[in-house]
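Notes for the one structure printed next.
The values are calculated or read from the model by the stated rules, or taken from the named source; none is laboratory data. The shown structure was predicted, so the numbers you read here are calculated from the model rather than taken from an experiment. Backbone-built Cβ (ideal geometry, glycine too); neighbour counts: all protein chains shown. Just the protein is used for accessible areas: all its heavy atoms, side chains included, with ligands, DNA and RNA removed. Shrake-Rupley method; radii C 1.70, N 1.55, O 1.52, S 1.80 Å.
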Amino acid sequence: RGGWKAGGKSVGRKMQSERTINSLKLRSRGLASGGRGDDAAAATEAAAEARGNAPGRFHSPIVDSLWTIRHQLTEDAKRLPPAGPDCDLEPKTPQDSRTSVSYPFSTDPRLAEAYRNPWGKVRAGKILEDLDAMAGNVAMKHNRISAASRKLLIVTAGVDRIKTMGKVGIDQDIFLEGAVSWTGRSSMEIQMTVHTEGRLWIRANFTFVARDPDTGKASRINPLLPQTDEEKDLFDRAQNRQDLKKRKRSQSAEEAHAQRQKHQTLIDDLLAKAAPLKRLPALCDKNAILMYKTALSSALTCQPVHQNMHGRVFGGFLMRQAFQLAFATGHLFTGGHPNFVEVDQISFLSPVSIGDLLQLESCVLYTVQKGEKTPNGVEVKEQPELHVEVVAYVTDPSKATSKICNTFNFTFAVDKDKVLRVYPGTQGEALRVVRIMGLDEEQEHEDFGLPMEDVSKKSNARKPGA
């Protein structure tokens, strides 16, 4: 059985839980306040018992355990005097918030079965769920102060990118690790990694924001003090991403118009290629399809078992539902098993409540053939890729209202020589395609360390390390 580890040393006492917590190993600095050894394990076990049927027990054993720790941190903070609005913040290093989890699949068949997909690989959707849960723990640890208790509501604002490198079999142990990599005044970026022994599998960047739970206004967070050259490089990269977001948000009307004009040639080209599919179906290219014909949808009522520690629907659950629909969309579209490559720009626009009717709609935005690249891209694809968009809506039939709460953009590769090309049939669809294609191209240039305008010299480049 695996036991808790605090401060890098094995804890003597073993935990048991009906959700296989006994097979989980968590390593983190200061999981229980002031506790080490058996005291830390006892405190965590007591927290699990106190929570009873609280949220987390109905998710994965990893989420259950992470939320048990978070509950204990919350209870510990209640014993401290409340902090004032102008309290002194405590600068933290990335190591102060670093948290890791191991999945001993090779020795725990029960845990492995919970994460196994039909093809003997690890279920990526469940790992996405766990990533969100751990990122919340990292954010909470970073924002603790030693002398007082702060009232903070820390929520996921978005996910810039979750990128995978290959596939992982269910017979391999994996390790999930995360730490704060950048902070602003009221927001922070957390870099998460998932790896096997000696190989990185997933890298993800989560953005969290801190709010005053009473007023809803932004709250200050502890500043970050990167120590090593790698930590400083991660901080600088994150700062560049945040600066780019600010520039995009502050675009003037003239700049936005110029940006649209820049992409209009590509939009016109896409719509021209779609025209025969719409108006000459008997004579059109049989290797192409209109975007709307790739659509798929699902709906569910959000239940109490889906809630997080704040009584809202758990963001990781939403990501897993979106991933499953995107995977099904790709499976139906290609006839093969899509291999998850990455997810871009997850936006959490509004919270989802228990009892809400959640509708998810997906479609293939565009595809890139083997041996090709996007117009301003860098990477020549070694396999065909498809980009699937999932939009989540909160719908209230009693009021006849529906609004977008989340958007997700997934990329899959497929082990085939080619797939159908997908074209937008309307101006609005074309704008969506161009926006996501541009985002993917920006990320490719960041991967290769190139400015966006420098594409000609690297047209035959491969992935780093390929």
Which cross-chain or sequence-distant (5 or more) residues have an amide H under 5 Å from the amide H of Asn406, H modelled 1.01 Å from N in plane?
Leu349, Ala392
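So, with a 1.4 angstrom probe, what is the percent of accessible area on segment 117-221 that is carbon and sulfur?
Working: 1830 of 3720 Å².
Here it works out to 49 percent.
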Sequence of Tyr292, Tyr366, Tyr393 from largest to smallest accessible area, 1.4 Å probe:
Tyr292, Tyr393, Tyr366
Enter the Cα centre distance for the pair segment 364-422 and segment 280-294, rounded to the nearest angstrom.
17
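Rank by packing, highest mean first: peptides 261-272, 297-308, with packing defined as the count of other Cβ atoms within 10 Å averaged across residues. Provide the component values of the computation, followed by the final result.
Working: 261-272: 13.9, 297-308: 15.5.
Output ranking for 261-272, 297-308: 297-308, 261-272.
For segment 89-150, take N as its residue count and report Rg(C-alpha) divided by 2.2 N^0.38 Å.
Values: Rg = 16.3 Å, N = 62, 2.2 N^0.38 = 10.6 Å.
Against the compact-globule rule of thumb, the ratio is 1.54.
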Note, ³J(HN,Hα) from phi for segment 371-382, Karplus 6.51, -1.76, 1.60, rounded to Hz, x at Gly and Pro:
x, 10, 9, 6, x, 10, x, 10, 8, 7, 6, 8
For Trp201, enumerate residues with amide H under 5 Å from its amide H, sequence gap 5+ or separate chain, H modeled in the peptide plane.
Val194, His195, Thr196
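I need the fraction of alpha carbon pairs in segment 187-284 separated by more than 22 Å, rounded to a whole percent.
Numbers: 2947 of 4753 pairs.
It works out to 62 percent of all Cα pairs.
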Considering amide H positions built from the backbone, and no H for Pro or chain starts, which residues 5 or more places from Leu365, or on another chain, come under 5 Å of its amide H?
His387, Val388, Glu389
³J(HN,Hα), Karplus 6.51/-1.76/1.60, whole Hz, each residue of segment 219-233, x for Gly, Pro:
10, 5, 10, 4, x, 9, 10, x, 10, 8, 4, 5, 5, 5, 5
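With 19 Å as the limit, write out which pairs from Lys92/Lys141; Lys92/Lys217; Lys141/Lys217 have Cα-Cα distances beyond it, or answer none.
Working: Lys92/Lys141 10 Å; Lys92/Lys217 23 Å; Lys141/Lys217 21 Å.
The answer is Lys92/Lys217; Lys141/Lys217.
What pairs in Lys286/Lys370; Lys248/Lys416; Lys262/Lys286; Lys126/Lys416; Lys245/Lys286; Lys78/Lys399 have C-alpha atoms more than 28 Å from each other? Please list the in-between numbers first.
Working: Lys286/Lys370 18 Å; Lys248/Lys416 37 Å; Lys262/Lys286 30 Å; Lys126/Lys416 26 Å; Lys245/Lys286 40 Å; Lys78/Lys399 40 Å.
Checking Cα-Cα distances, Lys248/Lys416; Lys262/Lys286; Lys245/Lys286; Lys78/Lys399 exceed 28 Å.
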Find the centroid of the Cα atoms in segment 127-179 and in segment 234-250, then give the distance between the two in whole Å.
21
Using θ = phi - 60° and the Karplus curve 6.51 cos²θ - 1.76 cosθ + 1.60, what whole-Hz ³J(HN,Hα) does each residue of segment 393-403 get, with Gly and Pro shown as x?
10, 9, 10, 10, x, 5, 10, 6, 10, 7, 9
